[in-house]
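A short write-up of the structure that comes next.
The values are calculated or read from the model by the stated rules, or taken from the named source; none is laboratory data. Quick caveat, the model's predicted, so the values are computed rather than measured. Quick reminder, even Gly has a Cβ in these numbers, built from the backbone with ideal geometry, and neighbours come from all protein chains shown.
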Amino acid sequence: MGTSVEPSTPLLPTSVESTFRSRLGQWLDERLGLRGIAYPVPEHANSLPYILGGITLTGFVILFVTGIYLAQFYHPHPADAHESVIYIITGAPLGDLVRSIHFWTAQIVTVTVLLHMLRVLFTGAYKRPREINWYVGLGLLAVTLGLVFTGSVLKFDQEGLEALQHNREAAEVIGALGGWFSTEFSRSVPLLTRLFNGHATLLPLLFGLLIAAHVHLIKQHGISPKVMPDATARSTAGEGDSRFSVHLRRMIGFGLMVFSLALVLSLIFPAPLGQPGVAGAEVTKPWWMFVWLFPAEEAWGARALVIVPAVLGGLLALVPIIDRSPYLSPARRKGLLTVAGLILIVSVASGIYAALQPVSAHLE
Amino acid sequence: MKMHLTLVRSLIVLAALTLAPVGIALAHGVPVIAVQPAVVAAGDQITVTGTEMEPGEVFTITLEGVSGSIPLGEAAVTGEGEEGGFTATFTIPADTAPGSYTVRAATEEGESAEADLTVTAPSAEASAGPAMAEEPTGEQHLLDRSKPIGQIAAVVVVIALSAAAGFVLVRSRG
């Protein structure tokens, strides 16, 4: 359990304090208020499971920078999109490398954001007073998957075109609510161009708003208390033996490691690009974050692509409403975690099944 | 309690309104069309393939864009049972303005399906169009992705520096 910090306690460790005492440090602190980031946080906030959200955020910084670079060479029109991706790979300075970093960072970020959500679920960090932040987090998860999906379509190869066709079918299922994904929505701008707009402007804007709310609420309530047998949910703002500056430093450290990992993967396995898409065909499988849906699609058709994610999203939204006890220990929340574990196992098994099936079987 | 009941009723009505199109779509099936190629020069031909249709139906095929609708022709559905479909070839008028279009197949009963089509200028270069695979394939596009040794060396240095800096930051607790 963290302890309150008295106002007289030095806000920074000696070495950092001395840095701040330097003239440059004082100059910067006076103007930027850097001392303000050294507020207390519990020691367990610096452990890897509690930094997953921060690692995801640093991954997004890499994605924004590489994405801005790629946007200088990408042409979001059906007639030119695939050709422009080929140009990025073969002609743009460092284009293949930057595109591969973007691709691999997106894969890593999807993993870390899912692990972050599972950690929050497992440690009961969605409980009062953090329910709203749980919903903000679900919004961020949806935005992340939306960014991954639109990004997979933009390359406009066979897999991207098939992803778009599946999405259009799914959008038709929900009627007017899916209208944005129809070609009828805008006669003057192709759907691919609008998806690019979504990928490069709308979703990043939404991400920015949600992450600002997410960070604000974390600061407001503090990190969820450490999970112990009798630990209960409560605000920990202003408590702790460590500092947010330490947390931030470790977050940036892990972010640099993610960058290194993305670079290694980019060198060994450059981001894939398929042949130009042929409309109406189905000869590829989607990326791993969507492939788990395909057994359900085989069974129930395109409506499964809407209903299954909607049901899972609804269940996640119900979590803080169903589990209202103050206890954080998983031992006191066996029912909810068992159901969550079963859903996770079914989803993973479904993904493995879909991945192992030959493409022809998935198409039938 | 009364407020809860009202809320529950509202949610049920909202869910019913949201899912209403699902029932309609299931009851009548959803016709699907595919257009090949997806990018075509004005004056060239496209092949429209329809599936999930009832045999005997006649679909009117139109090209819809910002400037209006251009009739392309009709296609009659053949087949047996619920497995009807058609394959028909149409010529895009040579004076069609370049741009994004929707190919729409619609019956008089109101069933319709659509697909995207990009029309380019009717020049010889445009007729060649971007390289489109004739047969759909999941194979990777083979490109020369070799990198200069200097670039690889620089990237390896960046990897090492980034990993080392990350390790130092993660390990430092002060």
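Quick one: in region A:266-285, of everything that is within 21 Å of A:Leu63 (Cα to Cα) and touching a helix residue (DSSP H, G or I) at 6+ places or on another chain (Cβ under 7 Å), which residue is surrounded by the most Cβ atoms within 10 Å (Cβ to Cβ)?
Checking each candidate, the answer is A:Leu273.
Could you give every pair whose Cβ atoms fall below 6 Å, whose first residue belongs to region A:67-83 and is more than 9 Å from chain B (Cβ to nearest Cβ) and more than 14 Å from A:Thr201 (Cα to Cα), and whose second residue is of a type in the set (Ser, Thr, Tyr) and part of a helix (DSSP H, G or I), counting only separations of at least 6 or pairs across chains?
Cβ pairs passing all conditions: A:Tyr74/A:Ser84; A:His75/A:Ser84.
Conditions (1) buried (at least 21 other Cβ atoms within 10 Å of the Cβ); (2) of a type in the set (D, E, K, R), marked per residue:
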residue: A:Glu159; (1), (2): yes, yes
residue: A:Pro190; (1), (2): yes, no
residue: A:His199; (1), (2): yes, no
residue: A:Leu210; (1), (2): no, no
residue: A:Lys226; (1), (2): no, yes
residue: A:Asp230; (1), (2): no, yes
residue: A:Gly238; (1), (2): no, no
residue: A:Ser245; (1), (2): no, no
residue: A:Ser260; (1), (2): no, no
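Would you mention how many residues in region B:78-117 are closer than 26 Å to A:Phe185 by Cβ, away from chain A (no Cβ under 13 Å) and either touching a Ser or Thr at 6+ places or on another chain (Cβ under 7 Å) or among the aliphatic types (A, V, I, L, M) (or both)?
Going through region B:78-117 one residue at a time, the tally reaches 1.
Can you pull out the residues in region A:227-243 that are away from chain B (no Cβ under 14 Å) and small (Gly, Ala, Ser)?
Selection gives A:Ala231, A:Ala233, A:Ser235, A:Ala237, A:Gly238.
Can you go through A:Val246, A:Val215, A:Val258, A:Val264 and tell me which one is farther than 30 Å from B:Val39 by Cα, under 17 Å from the mean Cα position of the chain (by Cα) and within 11 Å of another protein chain (Cβ to nearest Cβ)?
Result of the check over A:Val246, A:Val215, A:Val258, A:Val264: A:Val258.
Any idea which of (1) at pLDDT below 95; (2) farther than 28 Å from A:Pro272 by Cα; (3) acidic (Asp, Glu) is the one A:Glu131 doesn't satisfy?
Here A:Glu131 clears every test but (1).
Please give the number of the condition A:Gly124 fails out of (1) in a loop (DSSP other than H, G, I, E, B); (2) surrounded by fewer than 23 Cβ atoms within 10 Å (Cβ to Cβ).
(2)
For A:Gly146, are the conditions met, namely being more than 12 Å from chain B (Cβ to nearest Cβ) and surrounded by fewer than 18 Cβ atoms within 10 Å (Cβ to Cβ)?
yes
Only one of (1) touching a Ser or Thr at 6+ places or on another chain (Cβ under 7 Å); (2) within 30 Å of A:Ile101 (Cβ to Cβ) fails for A:Phe196. Which number is that?
(1)
Starting from region A:157-169, keep only residues that are outside any helix (DSSP H, G or I), then list their pairs with residues that are among the aliphatic types (A, V, I, L, M) whose Cβ atoms are within a distance under 6 Å, requiring at least 6 positions of separation or different chains.
Pairs found: A:Asp157/A:Leu273.
Filter region A:265-287 down to residues that are assigned to a helix (DSSP H, G or I) and closer than 18 Å to A:Thr110 by Cβ, then give me how many there are.
2
Kindly indicate which of A:Ser325, A:Ser347 is of a type in the set (Gly, Ala, Ser) and not in a helix (DSSP H, G or I).
On inspection, the qualifying residue turns out to be A:Ser325.
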